[in-house]
Amino acid sequence: MPSSTPDSGSHFDLFQQLSLSVEFYSGDFDAFAAKLCASTSTTLGVLRARVWTIDTDLRVLKRVCGNCQIPQVGCQEEFLPLGLAQPVLSQLLQSRSLVVSDVAQLFGQSEIYRSYFQPNQVGAIIYSMIHCGPEIVGVLGLEHSGAPREWTEAETYLTGVLADLLGNTYALRERNRLLSSLEKQNKILEERVKTRTQDLQDVLENQKALLRGICHDIANSVNVITATCELIHRRGDMRFIGKAQTAADMIKNMLQQTRAFCLFTDWGQKQAEDQHSFQQPLHLADILDKALFVLGDKARMKGLEVVIDPSVCRETQVLGEPLTLLHSVVCNILSNAIKFSPQYATLEIKQVQNEDMIGLVVRDYGDGMSPEKISDLLNSQTRIQSEEGTFSESGTGYGIIQVRHYLKKFGGELGICSWKQNVETKSGTEMTIWLRSKDHKQAAA
């Protein structure tokens, strides 16, 4: 073991070696502490060099690393309880670096003296606090053996410098940890913002689509009024005024329907009464007449022929709510049939019955749909991608969802059959609106 004090040149070399190390700049505190202990033991000729960090949760000084030039000398413990280290810490708090020429002078016969040091082999000990900003995060301890001697001022200063290097490395490690944590949190936040933004965009698109649907239905009746007023002006025949009045009533009904139309997706949460309490017997033929009245101009613009089968009985009554059955169910189905029909084609409407269920069947001769598209229409719970009609008509993507929603409330369902172009059946789509008959309600009562 060297007995002489190392010169200042070796101190500078040690500082330069450590301050330029990769471990220092990367913030690898444990690796840097190990390198510092090994280099310090060699340069200063100390028996032991140790680094502890304070674990506030466990209330201990946790030994990060240590270097000993004499095997089996000193304590091999990994933890030093803060209670036992208090004599050291209390004085270190008063003076940042503490020089002890005789370790027994500080510890006497205390537990820490007996448990953690071997008096016969300890000559002098020096401690220096490791700071990270204003906080004390650890302790650097150097011990040498041999004849007792004071640590020189240069050695004391160097110990403080080494503790500063450890503090800087510790701070860099914590900075890296914080940056890593912030990066993860930022990624999570970015995903949340992205998802939220997409949700808001979807809500906006849904609102726009719903508004288009409302305007679409109201526009049909407005067109009827406009055309009727033009006929009255040209012919002076006041008999047409009844047609205009009917269209105006349609608009009034549609304004009442708007609230339910906008909230149809969560009707179940907002409908306080029983699911059948708002239903009433309705003549199916009357509902069909009103729907054809609203959509008549659209059909005539394409030159479509609407053929109503004699099976449509004017006495047939079904259960439903008049506004929603007319505008949100029958008009939607007829509008789709008109939309996808080629010019001068035929629309066929008939009535079928299956026990106590009445079906209104609407058949068009458009291009038809694939099985996948039919499945999407019958099962999707979100907005469906709308396709252009034969005259480039647009849609909201909510029509069939509305139909299914209200039919379910009425105790009915929607049936779809479709055929792609072929020789035997031609092409087209057949949609069946299944509703419970009036007799069903009487039987249930």
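For the range 383-423, the tally of residues that are more than 13 Å from MET369 (Cβ to Cβ), touching a residue at least 12 places away in the same chain (Cβ under 8 Å) and assigned to a helix (DSSP H, G or I) stands at 9. Of the helices (runs of 4 or more DSSP H) contained entirely in the range 1-48, those carrying at least 1 residues that are of a type in the set (Lys, Arg) and either outside the structural domain of THR156 (by TED's automatic domain parsing) or at pLDDT 85 or above (or both) fall at 29-44. Scoring ILE54 on the criteria (1) crowded, with 19+ Cβ neighbours inside 10 Å; (2) in a helix (DSSP H, G or I) leaves a single failure, condition (2). In the set THR316, THR346, only one residue is of a type in the set (Ser, Thr, Tyr), surrounded by 15 or more Cβ atoms within 10 Å (Cβ to Cβ) and modelled with pLDDT of 90 or more; that residue is THR316. In this structure, is SER311 polar (S, T, N, Q) and either out of contact with any strand residue (DSSP E or B) (no Cβ under 7 Å at 6 or more places or on another chain) or over 19 Å from LEU282 (Cβ atoms) (or both)? Answer is no for this residue.
Here LEU378 clears all of (1) under 30 Å from the mean Cα position of the chain (by Cα); (2) assigned to a loop (DSSP other than H, G, I, E, B); (3) under 30 Å from PRO281 (Cβ atoms) except the condition numbered (2).
The rows are residues; the columns are (1) in a helix (DSSP H, G or I); (2) at pLDDT below 75; (3) on the phi > 0 side of the Ramachandran plot.
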position	(1), (2), (3)
TYR113	yes, yes, no
ASN120	yes, yes, no
ILE125	no, yes, no
VAL139	no, no, no
TRP151	no, yes, no
LEU162	yes, no, no
ASN168	yes, no, no
ARG175	yes, no, no
SER180	yes, no, no
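If you filter the range 354-366 down to residues that are out of contact with any Phe, Trp or Tyr (no Cβ under 7 Å at 6 or more places or on another chain) and not polar (S, T, N, Q), you find that the one that is surrounded by the most Cβ atoms within 10 Å (Cβ to Cβ) is LEU360.
Set side by side, the residues GLN269, GLN275 differ, and just one is in a loop (DSSP other than H, G, I, E, B) and at pLDDT below 90, which is GLN275.
The values are calculated or read from the model by the stated rules, or taken from the named source; none is laboratory data. These figures come from a predicted structure and were not determined experimentally. With ideal geometry, Cβ positions are generated from the backbone for all residues, glycine too; neighbour counts draw on all protein chains shown.
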